[in-house]
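Here the structure is laid out as structure tokens; the discussion comes afterwards.
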Amino acid sequence: MKYSGDDLLEFEALKQLLSRYVSSALGRAGLEAIAPGTDRALLEAVHAETAEAMAYLDTAARPQPAARGAAVRLRFDTLPDSTGAARRLRIEGAALDGREIYQLTEVLDRAADVRMVLDAARERFPRLAARAARIGEFRPVLRDIAGKILPDGTLADHASVALGRLRRDIERQRKSIQDSLERFLRAHRQDGVLQEEFVAIRNDRFVVPIVAGRERRVEGVVHGASGSGHTLFVEPFESIELNNELVRLREEELREAARILRELTERLRRHAAAIAESLEVLGELDLLFGKAQFAAEFGAVIPRFSPPGARRLALREARHPLLEDVLRRRKMRVVPVTVELTEERRTLLISGPNTGGKTVSLKTVGLLALMAQSGLPVTCAEAEFPLFDQVLADIGDNQSIQESLSTFSAHVTRVRDMEADVTADSLVLLDELGRATDPEEGGALGVALVERFRAAGAFTLASTHLLALKVYGATTPGVENGSMGFDEETLEPTYVLRLGAPGKSAGLDIAGRLGVPRSIIDRARAAMTTGERDLARLIGELHQRLAGLSEERLALKEAQAGLAAREKAVEHEWAQREAAKIKEIERRSDLLMQRFESQAQETIAGIFQTADQRKAAGQAQRKVSRAKREFRETLETTVLSTREDARQGELDGGRPRLAEGVRVRLRNVREPARVRRLLAHDLIEVEAGFLKMQVSADDVLEVLDPAPEAAKLPSQVTLQAGPRWNVSYREINLIGKRAEEACELVDKFLDDAAMASVDRVRIVHGHGMGILRKSVAELLASHPHVDKFYPAPPSEGGTGATVAELKPL
């Protein structure tokens with residue numbers, strides 16, 4: 001993506017701001033490489049990953065249970081820079097020094113921790129886990145190296161057996177030399193040749209300080225003198241062989257150390273490619289979480305990219321991040337800007353007072369567009385951009401003495417280059433279009449340039465003071481005027497961008513506020529033409545009306561929000577009341593049932609217990625059970641219909657739609673019915689089984705789904721159905737039931753069979769002790785639907801079943 005090469009939009013300064021949030025050298029290298037791009041899929045993937053990092057930081061900042069998968073704050077600020085060591089690993093034969101190996105192993109150990117933490121949170125943060133999965137597995141090699149190199153880069157004594165042995169030999173040799181020299185010092189303590197009684201080291205050899213001029217009295221080799229020349233450092237002959245042995249041991253130690261470092265380097269070199277990729281991933285994660293931290297502190301959001309066929313540039317409450325950073329340090333607040341351009345309205349002309357924020361608005365839109373296409377969160381409440389192929393900007397004074405360019409010449413030269421480069425996917429930013437020349441000619445040139453960019457299909461934002469451009473914006477389809485606010489009372493800009501009308505420049509008011517004498521301002525106002533004064537007054541009145549409309553629109557939105565909230569509250573309150581009513585109905589019905597059953601049981605208990613009385617008591621008990629069952633079914637049907645009516649709120653005042661032939665469920669009728677005819681006065685004729693009746697439409701609880709159609713037969717084939725045979729109406733099995741429960745089931749079974757026009761039923765009760773058979777016989781003897789009953793024939797169960805023939809209805 002191309003954008004203004006001289007950084008008119010301060011993109012490089014933005015990256016400097018972002019570098020505060022990137023801790024490691026690896027991450028800062030990635031930040032330096034950031035540039036705007038045009039690959040939609042790549043940008044959307046980068047933004048999705050940034051959004052996940054933002055969510056991760058937000059989760060990590062909140063209290064959460066200590067468990068696997070918890071979001072743990074990752075730190076990259078203490079990572080050493082091991083990129084140089086990783087590059088040298090790729091050079092065959094090159095060896096790393098001890099400090100480089102120690103730092104590299106520390107980085108790889110931290111990388112393993114990062115991978116483990118993000119992998120544990122894979123379910124919630126899959127993109128972060130996928131990126132961390134690219135970090136290699138270095139635990140085995142790290143275990144081999146662990147402890148062999150100390151933090152200062154020196155090898156530990158146990159790095160190898162030979163190294164430990166050599167260092168012990170060196171220590172013993174040094175002690176031997178110390179003992180030899182101490183004997184020398186004691187021997188010459190009184191002869192005046194010693195400058196001081198201590199042992200020093202010169203050129204890696206142990207020496208003693210001798211007074212200059214007296215060295216001939218001591219047999220030895222002079223290795224140097226002090227800065228003043230008064231002291232000579234002499235190695236006595238008796239310790240030369242000891243020192244030579246020490247030097248030899250040290251050389252062997254260095255050779256062994258070099259061998260160990262080469263060996264450790266070779267172990268790391270086997271993983272050179274994986275190490276390089278792991279370091280790259282750490283840098284990417286540092287940059288990713290740096291962007292997320294920037295978004296958290298600056299209130300930035302992830303932008304959207306509009307589809308190619310419906311391009312839209314919409315920024316809500318956009319803020320320039322560099323300006324916000326400056327004002328924050330001064331305890332001041334940025335005034336946000338809201339802009340919306342669409343495919344049909346791609347050009348915005350901004351006018352208004354000097355120092356009113358026009359240039360900042362242009363820079364804000366341009367910089368945020370570059371940020372969006374660089375994979376960075378943008379400082380807005382909400383943002384949507386087209387995918388631009390370039391951002392062309394002419395902002396500021398481009399005067400150049402070296403190139404003999406005046407302000408106007410530099411301005412025209414840049415605009416000429418922009419006109420040559422513009423495409424339909426460009427974003428064009430023009431500051432003070434038509435400036436630095438005659439207003440009439442500058443206005444005409446500005447109109448022609450804006451029209452050229454509009455015809456090219458580019459999104460264009462331009463600031464101006466020229467009347468010609470303001471009129472062009474008001475009269476041209478697809479072009480909109482905007483103005484920066486100005487407070488008429490304080491004579492100061494408000495920095496608020498309003499769309500829909502041009503703004504007045506208020507140059508004289510600004511000049512007066514900046515200290516120009518009042519006499520000069522009055523003289524300038526007198527020199528203005530009547531038309532100019534009238535236009536300024538008209539624009540001021542227009543802005544007042546726009547402000548009034550904005551306030552009314554805001555008040556209307558607040559009223560609508562209040563009404564919506566009240567409606568929701570009323571619905572909630574109504575639902576609570578209905579639930580309370582139903583609960584009260586159920587409570588009262590339970591009380592009535594308990595009272596009814598108690599009284600019935602008392603009545604039954606008071607009947608004398610003769611055989612006939614016991615039979616009558618049993619019949620009464622069954623009738624009580626039936627009445628109880630029917631009452632509860634009726635209550636459940638009523639409560640269910642009330643709930644359904646309250647929930648569904650169907651058309652026609654909550655009444656279901658009725659039509660001839662539909663199946664319906666009626667109040668207090670268990671079987672579905674079919675509508676035969678719709679009658680006057682809200683009556684309908686229905687057919688329920690063998691019954692035909694007229695009921696009110698209000699008794700219809702719901703319209704049922706149509707019965708499934710019978711399978712169609714082939715042509716020229718007919719079928720005549722035989723008698724209906726529904727086993728559930730013709731037989732009941734009571735085996736395993738208690739007598740009272742069995743009688744209640746048989747009673748309901750006989751009712752259903754009679755309603756289904758069944759003439760003969762079989763009741764299976766088994767043999768057992770005869771209790772069920774006797775109870776069933778007593779029930780059948782007095783049941784109103786039973787004509788006669790007798791034991792079943794052997795083919796149907798014999799005495800283990802009873803056959804009952806029912807009376808026709």
Unmet requirement for Lys175, which otherwise passes all of (1) in contact with a strand residue (DSSP E or B) (Cβ under 6 Å, 6 or more places away or on another chain); (2) modelled with pLDDT of 80 or more; (3) open to solvent by 70 Å² or more (accessible area, probe 1.4 Å): (1)
For the stretch 89-102, how many residues are in a loop (DSSP other than H, G, I, E, B) and either open to solvent by less than 80 Å² (accessible area, probe 1.4 Å) or touching a Gly at 6+ places or on another chain (Cβ under 7 Å) (or both)? 5
Can you name the number of the only condition in (1) exposed (fewer than 14 other Cβ atoms within 10 Å of the Cβ); (2) more than 22 Å from His230 (Cβ to Cβ) that Gly192 fails? (2)
Across the stretch 180-197, the tally of residues that are of a type in the set (A, V, I, L, M, F, W, C) and under 19 Å from Leu246 (Cα atoms) stands at 2
With respect to Phe206, determine if the residue is over 30 Å from Thr50 (Cβ atoms), surrounded by 12 or more Cβ atoms within 10 Å (Cβ to Cβ) and touching a Ser or Thr at 6+ places or on another chain (Cβ under 7 Å). yes
Considering only residues of the stretch 279-313 that are open to solvent by 10 Å² or more (accessible area, probe 1.4 Å) and assigned to a strand (DSSP E or B), which is nearest to Gly457 (Cα to Cα)? Arg312
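Which ones in the stretch 147-172 are in contact (Cβ under 8 Å) with a residue 12 or more places away in the chain and either of a type in the set (Asp, Glu) or open to solvent by 30 Å² or more (accessible area, probe 1.4 Å) (or both)?
Lys148, Leu150, Pro151, Asp152, Thr154, Ala162, Arg167, Asp169
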Taking Arg216, is it modelled with pLDDT under 90, part of a helix (DSSP H, G or I), open to solvent by less than 70 Å² (accessible area, probe 1.4 Å) and out of contact with any Pro (no Cβ under 7 Å at 6 or more places or on another chain)? no
Note: among Thr50, Thr59, Thr78, just one is open to solvent by 50 Å² or more (accessible area, probe 1.4 Å) and either in contact with a Ser or Thr (Cβ under 9 Å, 6 or more places away or on another chain) or in contact (Cβ under 8 Å) with a residue 12 or more places away in the chain (or both), namely Thr78
For Glu317, which of the numbered conditions (1) open to solvent by 40 Å² or more (accessible area, probe 1.4 Å); (2) touching a His at 6+ places or on another chain (Cβ under 9 Å) fails to hold? (2)
Search the stretch 765-776 for residues that are over 19 Å from Glu731 (Cα atoms) and aliphatic (A, V, I, L, M) and pair each with any residue that is open to solvent by 20 Å² or more (accessible area, probe 1.4 Å) and in a helix (DSSP H, G or I) when their beta-carbon atoms are under 9 Å apart and the residues are at least 6 apart or on different chains. Ile771/Ala739
Phe206 passes all but one of the listed conditions (1) in a loop (DSSP other than H, G, I, E, B); (2) under 30 Å from Lys148 (Cβ atoms); (3) of a type in the set (Phe, Trp, Tyr); the exception is number (1)
Residues that are buried (at least 16 other Cβ atoms within 10 Å of the Cβ), on the phi < 0 side of the Ramachandran plot, touching a Pro at 6+ places or on another chain (Cβ under 6 Å) and modelled with pLDDT of 80 or more: does the stretch 703-715 have at least one? yes
In the stretch 240-278, residue farthest from the chain's Cα centre (by Cα) [restricted to those that are open to solvent by 60 Å² or more (accessible area, probe 1.4 Å), touching a residue at least 12 places away in the same chain (Cβ under 8 Å) and closer than 27 Å to Leu128 by Cβ]: His271
Test set (1) among the hydrophobic types (A, V, I, L, M, F, W, C); (2) open to solvent by 40 Å² or more (accessible area, probe 1.4 Å); (3) within 57 Å of the chain's Cα centre (by Cα) - Phe237 fails condition number: (3)
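Report whether or not Phe305 is touching a residue at least 60 places away in the same chain (Cβ under 8 Å), aromatic (Phe, Trp, Tyr) and within 22 Å of Ala41 (Cβ to Cβ). Spell out the reasoning first.
On the way: touching a residue at least 60 places away in the same chain (Cβ under 8 Å): yes; aromatic (Phe, Trp, Tyr): yes; within 22 Å of Ala41 (Cβ to Cβ): yes.
Yes, satisfied.
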Just checking, how many residues over the stretch 1-47 are open to solvent by 30 Å² or more (accessible area, probe 1.4 Å) and polar (S, T, N, Q)? 4
In the stretch 785-793, is there at least one residue being under 25 Å from Ala688 (Cα atoms), surrounded by fewer than 17 Cβ atoms within 10 Å (Cβ to Cβ) and under 60 Å from the mean Cα position of the chain (by Cα)? no
Show the residue pairs meeting these rules: Cβ distance below 9 Å; 6+ apart or different chains; first residue within the stretch 83-97 and without any contact (Cβ under 8 Å) to a residue 24 or more places away in the chain; second residue of a type in the set (S, T, N, Q). Ala85/Gln103; Arg88/Thr265
Step by step: first the residues of the stretch 323-360, then only those that are within 26 Å of the chain's Cα centre (by Cα) and open to solvent by 30 Å² or more (accessible area, probe 1.4 Å), then the one that is nearest to Phe11 (Cα to Cα). Which residue is that? Pro336
Enumerated helices (runs of 4 or more DSSP H) restricted to the stretch 103-189, each holding at least 1 residues that are farther than 21 Å from Met54 by Cα: 139-145, 161-187
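The values are calculated or read from the model by the stated rules, or taken from the named source; none is laboratory data. The model shown is predicted, which means the values in this text are computed figures rather than measured ones. Neighbour counts are summed over all protein chains in view; Cβ atoms, including those assigned to glycine, are modelled from backbone coordinates with ideal geometry. Just so you know, the surface numbers come from the protein's heavy atoms only, side chains and all, with ligands and any DNA or RNA stripped out. Shrake-Rupley method; radii C 1.70, N 1.55, O 1.52, S 1.80 Å.
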